[in-house]
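Data first, discussion second: the structure below is written as structure tokens.
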Amino acid sequence: MNLNATIIGQMIAFALFVAFCMKYVWPPIMAALEDRKKKIADGLAAAERGRHEQELAEKRAQQVIHEAKEQANEIISQAQRRGNEIVDESKDNARVEGDRILVSAKAEIEQEANRAKDELRSQVGSIAIAGAAKILDREIDKQAHTNLLDELVSQI
Amino acid sequence: MASEALTSSQYIKHHLQNLTFGQHHDGSWGLAHDAAEAADMGFWAINVDSMGMTLLLGGLLMWFFRSVAKKVEAGVPSGAQNFAEWIIDFINDSVRGSFSGRNPLVAPLAFTIFLWIFLMNLMDLLPIDLVPEIAKFVGVHVFGMDPHAVFFKVVPTTDPNITFGMAFGVFALVLFYSIKIKGLGGFVGELTLEPFGKWAIPANFLLEGVNLIAKPISLALRLFGNMYAGEMIFILIAIMFSAGAVMASLGGLLQIGWAIFHILIITLQAFIFMTLTIVYLDMAHQEHH
């Protein structure tokens, strides 16, 4: 148990082992540990980001659905309004058309009636004369009574 | 187990003697045959057993961790890498907790100190005669030595040369960083101007000088003392095995108890050496004004 050169040998060995450890052992393992720490941190951050993005997407999807529903409702109500309009328009058109047809029919009827009247008027004189001639036979002055009858016809 | 040829005191002495290589009185170089011859060799001798064990254990340590570091990966760790990372994380946490400066040397230094001392201390848990008997067998049959001249102290930390070697290594680093960080003037000022101011420089120097010198001495002697005492108790328990059946069974129980307790001591002493090293280096890095 005496102090001797072993102490120097141990100091040299100590220095060598520490230097070896400092150069070849510690840095690679520490680098791996740091690397893993960073990887885990990145992974967690990515997961957090993903969750956030998913939340945003859900919100956006709900917004889109909401908008779509609103649009659909608007379209439906527009369509209904348009349908009603078309129905109303058709009714109006039909009424106007009916009125028009009615008016033209009336006019036609009147025209027919007038024509019939005219025809009747043109024939009534001669029929009356023929009738009168048959009744009175030849005692009537054709000329004098034609004037009289014409006056009568124009009064009908 | 004490061999029949040895008395108890011889057995103890045999176990406490290092295998020393140095220069004999007659000028030739060789291994010392007994304690007196080893003492005669003076300073320029080497304790072959301590040096061999410490290099072997340090080599094993570095080989293992180097092999892990070679194929280390940042992905999912497995097997040896898990184990190495667990230890390295533990040491890194200790360094971060105690060392406030920024120095890439401190963590590997703490790592080497802790595991190397732990492994050296761990040799204490080997059966006390196992390695010496192997050494004796090899010494007698391979080198043709006298069986009583084959000494082998298995636990390097029971050799003060080893503990002082490491403590002085740490002390050299403390001095180096003290001067590097604070400057030579700052370091000398810290030694001479505190705590009583510039009118009491001798008293200051005495106090701070003792304070400084106490660091490596206490570091080395604490480890050496604990391990030496522990080894001594193992030796004494081993002597009980040759003193009859009752004493032998009692010795067996004691051995188990002491070994379990010793697991705590060897870890604790390695941890204390490491922590104090970190603290001393931290103090060397701090500037007081």
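Every read-out reported here was derived from the displayed coordinates using simple, explicitly stated rules and does not represent laboratory data. Just so it is clear, the model here is predicted, and its values are computed rather than measured. Cβ atoms come from the backbone with ideal geometry, glycine included; neighbour counts cover every protein chain shown.
For chain A, the equivalent ellipsoid built from the Cα gyration tensor has semi-axes of 135, 11, 7 Å, listed from largest to smallest. Shielding of peptide A:48-59 by partners, expressed as the average count of other chain Cβ atoms within 10 Å per residue Cβ, is 0. Only Cα pairs under 8 Å and 6+ residues apart enter the sum, and on that basis the relative contact order of segment B:104-224 stands at 24 percent. Counted by Cβ distance under 13 Å from B:F224, the other residues give a net charge of -1, where Lys and Arg count +1 and Asp and Glu count -1. For chain B, the 222 nm mean residue ellipticity estimated from helices alone, with every DSSP H stretch of n ≥ 4 adding -39500 (n - 2.57) and the total spread over all residues, rounds to -24500 deg cm²/dmol. Placing +1 on the Cβ of every Lys and Arg and -1 on the Cβ of every Asp and Glu, with no other charges, gives the protein assembly as shown a dipole of roughly 1000 debye about its Cα centre.
Across the options B:F114, B:T192, B:F164, the greatest Cα extent toward the positive end of the charge dipole of segment B:105-204 (unit charges at beta carbon of Lys, Arg, Asp, Glu) belongs to B:T192. Based on C-alpha pairs under 8 angstrom that are at least 6 apart in sequence, chain B has a relative contact order of 25 percent.
Exceedance of the 23 Å cut-off in Cα-Cα distance is limited, within the set B:K182/B:K215; B:K13/B:K215; B:K13/B:K136; A:K23/B:K70; A:K39/B:K71, to B:K13/B:K215. Once C-alpha pairs closer than 8 Å and six or more residues apart are averaged by separation and normalised to the residue number of segment B:189-289, the relative contact order reads 21 percent. The mean count of C-beta atoms from other chains within 10 Å of the C-beta of residues in B:158-170, rounded to a whole number, is 6.
Given their separation in residues at 0.36 nm each and the Cα-Cα distance between them, B:D34 and B:I233 gain 69.4 nm when the chain is fully extended.
So how far, in whole Å, is the C-alpha centre of segment A:21-48 from the one of segment B:216-245? For segment A:21-48 versus segment B:216-245, the Cα centre distance is 43 Å. Most tightly packed first, judged by the mean number of other beta-carbon atoms within 10 Å of their residues, the peptides B:202-215, B:83-96, B:155-168 read B:155-168, B:83-96, B:202-215. Other protein chain C-beta atoms within 10 Å of residue C-beta, averaged over B:70-80: 3. Packing around the peptides B:175-185, A:15-25, B:17-27, taken as the average count of other Cβ atoms within 10 Å per residue, puts them in this order, highest first: A:15-25, B:17-27, B:175-185.
Among B:101-113, A:29-41, the peptide with the highest mean count of other Cβ atoms within 10 Å heads the list, and the full ranking is B:101-113, A:29-41. Per the Debye formula on identical point scatterers at the alpha carbon atoms of the protein assembly as shown, with no solvent, log10 I(q)/I(0) at q = 0.14 Å⁻¹ is -1.31.
Other residues within the sphere of radius under 9 Å centred on the Cβ of B:H24, judged by their own Cβ, net out at -3 (K and R +1, D and E -1).
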